[in-house]
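The values are calculated or read from the model by the stated rules, or taken from the named source; none is laboratory data. For clarity, every value in this text was computed on a predicted model and none was experimentally measured. No Cβ is skipped: glycine too gets one built from the backbone with ideal geometry, and neighbour counts run over all protein chains shown.
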Ligand code: ADP
Ligand code: MN
Ligand code: MN
Ligand code: MN
Ligand code: MN
């Protein structure tokens with residue numbers, strides 16, 4: 001078996017295939033690290049701030065750590081820092097410094113103690129946001145609609161790969177049995193990587209990320225977790241941090257996480273990031289009226305949304321939105337009650353209650369949640 005969709009991707013992100021060396025030593029390394037941490041207690045007056053940011057791909061995360069001599073509670077407690085943009089697909093070598101502006105602070109579930117993960121926005125030396133900084137404009141839009149209290153919940157799907165880039169738990173030659181028994185399954189022949197999904201849940205809870213559930217997906221080795229509902233800019237912040245935590249947790253298991261929206265061609269489900277959305281009006285008695293209004297507006301801007309729903313302007317998502325495997329069409333908008341083949345679905349319970357939220361099923365698993373939530377507000381609340 002040779003065909004992995006990851007192999008066919010046409011971007012530099014693709015190069016990750018080249019450096020996935022065998023990494024089954026990872027759990028052993030972690031044990032040794034714990035011995036050092038136990039024998040060398042961290043000084044009380046020093047904390048480790050791990051700054052994390054989105055690199056030039058708009059899809060992958062980077063991080064670096066620094067020791068600071070104070071307690072970090074809020075982003076204002078952290079200084080502006082910088083990194084080499086030329087090593088992150090973001091800048092030329094002659095002018096490569098990119099600035100890290102701390103925007104949100106989370107408890108570090110790996111180093112614990114008073115150590116923190118610090119989510120950052122990226123800026124060029126001329127003060128402009130980098131191309132992959134989608135947060136700045138998202139925040140500006142969120143600030144305009146504070147009074148309607150926009151809530152989002154994103155269902156993040158992902159696929160586990162063995163360190164050889166082969167889907168985790170799949171036979172090394174040939175394919176697993178067809179889809180059917182795996183979704184929300186139980187048992188050694190159905191479930192691959194449950195410990196990773198559960199470790200990630202704990203890491204999110206410690207960090208302060210609103211991970212509200214997880215389930216095994218339709219394709220073997222594929223999983224989902226849900227973040228939210230959370231308000232405004234927190235959706236993007238929390239989802240990005242949850243992804244960082246997921247990649248880090250998987251490192252400890254020697255397993256790779258891919259957010260590719262269609263990791264396997266053929267009769268295998270792709271991976272999405274359904275975006276659930278509501279406003280005060282939608283959540284109040286009779287709110288179905290506002291939900292239907294929003295769907296009408298969404299119908300008129302299908303292509304604009306598709307462009308924002310993956311990091312390659314819609315190209316990535318075309319591989320996934322085939323109309324099969326509970327997906328819709330990249331070119332035609334559709335909506336329906338309890339319809340998992342539609343662009344936008346009104347959940348059955350929302351239909352019964354006549355209030356609640358809508359589910360946009362179009363965003364791909366590797367979408368930037370800042371772009372997704374921004375256009376949702378622009379279309380549904382700002383009438384663009
Ligand atoms: P399904 O798999 O049936 O589509 P899930 O239970 O996986 O649904 O996900 C439901 C999502 O909807 C969760 O992310 C949750 O945070 C979100 N959600 C629930 N209520 C609201 C609401 N009022 N506004 C926005 N999102 C919501
Ligand atoms: Mn250096
Ligand atoms: Mn779900
Ligand atoms: Mn799902
Ligand atoms: Mn869903």
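One residue alone among 300, 315 is more than 21 Å from the chain's Cα centre (by Cα), closer than 21 Å to residue 374 by Cβ and away from ligand 5 (no atom under 16 Å from the Cβ), and that residue is 300.
How many residues are part of a loop (DSSP other than H, G, I, E, B), in contact (Cβ under 8 Å) with a residue 24 or more places away in the chain and either out of contact with any strand residue (DSSP E or B) (no Cβ under 9 Å at 6 or more places or on another chain) or crowded, with 17+ Cβ neighbours inside 10 Å (or both) when one looks only at region 186-212? It would help to see each step written out before you state the result.
Taking region 186-212 and keeping what is part of a loop (DSSP other than H, G, I, E, B), we get 186-193, 208-210.
Still in the running and in contact (Cβ under 8 Å) with a residue 24 or more places away in the chain: 190-193, 208-210.
Narrowing further to those that are either out of contact with any strand residue (DSSP E or B) (no Cβ under 9 Å at 6 or more places or on another chain) or crowded, with 17+ Cβ neighbours inside 10 Å (or both): 190-193, 209-210.
Selection size over region 186-212: 6.
A quick yes/no check of all residues on (1) surrounded by 22 or more Cβ atoms within 10 Å (Cβ to Cβ); (2) within 16 Å of ligand 5 (Cβ to nearest atom):
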| site | (1), (2) |
| --- | --- |
| 101 | no, no |
| 106 | yes, no |
| 115 | no, no |
| 120 | yes, no |
| 129 | no, no |
| 135 | yes, no |
| 143 | no, no |
| 147 | no, no |
| 154 | yes, yes |
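Among the residues of region 119-164, those identified as in contact with a strand residue (DSSP E or B) (Cβ under 8 Å, 6 or more places away or on another chain) and within 16 Å of ligand 1 (Cβ to nearest atom) are 149, 150, 151, 152, 153, 154, 155, 156, 157, 158.
The residues on offer are 49, 91, 65, and the sole one that is over 20 Å from the mean Cα position of the chain (by Cα), at negative phi and surrounded by fewer than 18 Cβ atoms within 10 Å (Cβ to Cβ) is 65. Among the residues of this structure, residue 229 counts as one that is away from ligand 4 (no atom under 16 Å from the Cβ) and in a strand (DSSP E or B).
Of all residues in region 163-180, those being surrounded by 14 or more Cβ atoms within 10 Å (Cβ to Cβ) and more than 16 Å from ligand 4 (Cβ to nearest atom) number 9.
Among the residues of region 104-123, those that are under 15 Å from residue 209 (Cβ atoms) and in contact with a helix residue (DSSP H, G or I) (Cβ under 8 Å, 6 or more places away or on another chain) comprise 104, 105, 106, 107, 108, 109, 110, 117, 118, 119.
If you go through region 351-384 and keep only what is more than 24 Å from residue 146 (Cβ to Cβ) and out of contact with any strand residue (DSSP E or B) (no Cβ under 7 Å at 6 or more places or on another chain), you end up with 352, 353, 354, 362, 366. The set of residues from region 262-279 being without any contact (Cβ under 8 Å) to a residue 12 or more places away in the chain and within 14 Å of ligand 4 (Cβ to nearest atom) is empty. Taking region 313-331 as the range and being in contact with a helix residue (DSSP H, G or I) (Cβ under 6 Å, 6 or more places away or on another chain) and without any contact (Cβ under 8 Å) to a residue 24 or more places away in the chain as the test, the residues that pass are 313, 314. The strands (runs of 3 or more DSSP E) found wholly in region 324-384 and carrying at least 2 residues that are within 16 Å of ligand 4 (Cβ to nearest atom) and modelled with pLDDT of 95 or more occupy 344-346, 358-360.
When residue 289 is tested against (1) within 14 Å of the chain's Cα centre (by Cα); (2) free of Cβ contacts under 8 Å to residues at least 40 places away in the same chain, only condition (1) is not met.
If you scan region 267-288, which residues turn out to be in a loop (DSSP other than H, G, I, E, B), crowded, with 17+ Cβ neighbours inside 10 Å and more than 16 Å from ligand 3 (Cβ to nearest atom)?
268, 279, 287
Under the condition of being outside any helix (DSSP H, G or I) and modelled with pLDDT of 95 or more, which residue from region 232-261 is surrounded by the most Cβ atoms within 10 Å (Cβ to Cβ)? Once the filter is applied, the top-ranked residue is 261.
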